[in-house]
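Have a look at the structure below before the remarks.
Bear in mind these aren't lab numbers, they're just calculated from the coordinates by the rules spelled out. Because the structure is predicted, anything quoted here is derived from the model rather than measured. Neighbour counts are summed over all protein chains in view; Cβ atoms, including those assigned to glycine, are modelled from backbone coordinates with ideal geometry.
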Amino acid sequence: MERLIFVFVLLCSINCKAQEKIQNTLSFTKNMTSPKANLSDVSWIEGHWKGEAFGGVTEEIWSPPLGDSMMFVFKLVADDAVQFYEVGGIRQTDETLIFQLKHFGNDFKGWEEKDETVDAKLIKIEKNRVYFDDFTFERVSDNQLNIYVVISEKGKEEEIKFNYKRYK
């Protein structure tokens, strides 16, 4: 019996530890539906943002809402060279929003197949946070933005924080 209790406590502590690592993002599940939303709810993301991650400088540029979307470009520069790019946006679809992106190597060759995108459905919107599936945008201030992303690698999930300051 003591052994069974020990295993139970060990499993609970491992599960709690795993949940501690992923605190700022939510995952879309089968039973969920995206809430009603429009681009004015996320227009505060607009701007030119710079930060640091993955041992280099990150840059994101978000356009204002126009034509039922906000578009963005991202790049990571490390060791004085572009490591990769992302292009995408937040689109108005029916009465909700979807966040979509594509990755490109430093040679602009796509990582995803030609007609594939990484799609993240809207989960919820709070005053200063927008939760998409495994992506969260957090407005810290008019000049500071955090983006949290869940990255899966070798069967493990990790939440990465990108802290951006408004550039220019």
Selection count, the range 21-65, where residues are free of Cβ contacts under 8 Å to residues at least 60 places away in the same chain and either touching a helix residue (DSSP H, G or I) at 6+ places or on another chain (Cβ under 9 Å) or hydroxyl-bearing (Ser, Thr, Tyr) (or both): 8
Within the range 106-124, considering residues that are outside any loop (DSSP other than H, G, I, E, B) and not hydrophobic (A, V, I, L, M, F, W, C), the one surrounded by the most Cβ atoms within 10 Å (Cβ to Cβ): Lys121
Every listed condition ((1) assigned to a strand (DSSP E or B); (2) out of contact with any Ser or Thr (no Cβ under 8 Å at 6 or more places or on another chain); (3) among the charged types (D, E, K, R)) holds for Lys127 save (1)
Residues in the range 127-146 that are without any contact (Cβ under 8 Å) to a residue 40 or more places away in the chain and among the aliphatic types (A, V, I, L, M): how many? 1
Against the conditions (1) surrounded by 16 or more Cβ atoms within 10 Å (Cβ to Cβ); (2) over 20 Å from Gln23 (Cβ atoms); (3) charged (D, E, K, R), where does Lys165 fall short? Just the number, please. (1)
Scanning the range 150-162 for residues that are among the acidic types (Asp, Glu) and either closer than 16 Å to Glu52 by Cβ or surrounded by 11 or more Cβ atoms within 10 Å (Cβ to Cβ) (or both) gives Glu157, Glu158, Glu159
Would you confirm whether any residue within the range 27-46 is assigned to a strand (DSSP E or B) and under 18 Å from the mean Cα position of the chain (by Cα)? no
Is it the case that Ile151 is closer than 15 Å to Thr25 by Cβ and without any contact (Cβ under 8 Å) to a residue 40 or more places away in the chain? yes
Cβ pairs under 6 Å, 6+ apart or interchain, first in the range 72-90 and touching a residue at least 60 places away in the same chain (Cβ under 8 Å), second surrounded by 17 or more Cβ atoms within 10 Å (Cβ to Cβ) and not in a strand (DSSP E or B), ordered by first then second residue, are none
Within the range 60-77, does at least one residue satisfy the condition of being farther than 15 Å from Ser43 by Cα and either out of contact with any Asp or Glu (no Cβ under 9 Å at 6 or more places or on another chain) or in a loop (DSSP other than H, G, I, E, B) (or both)? no
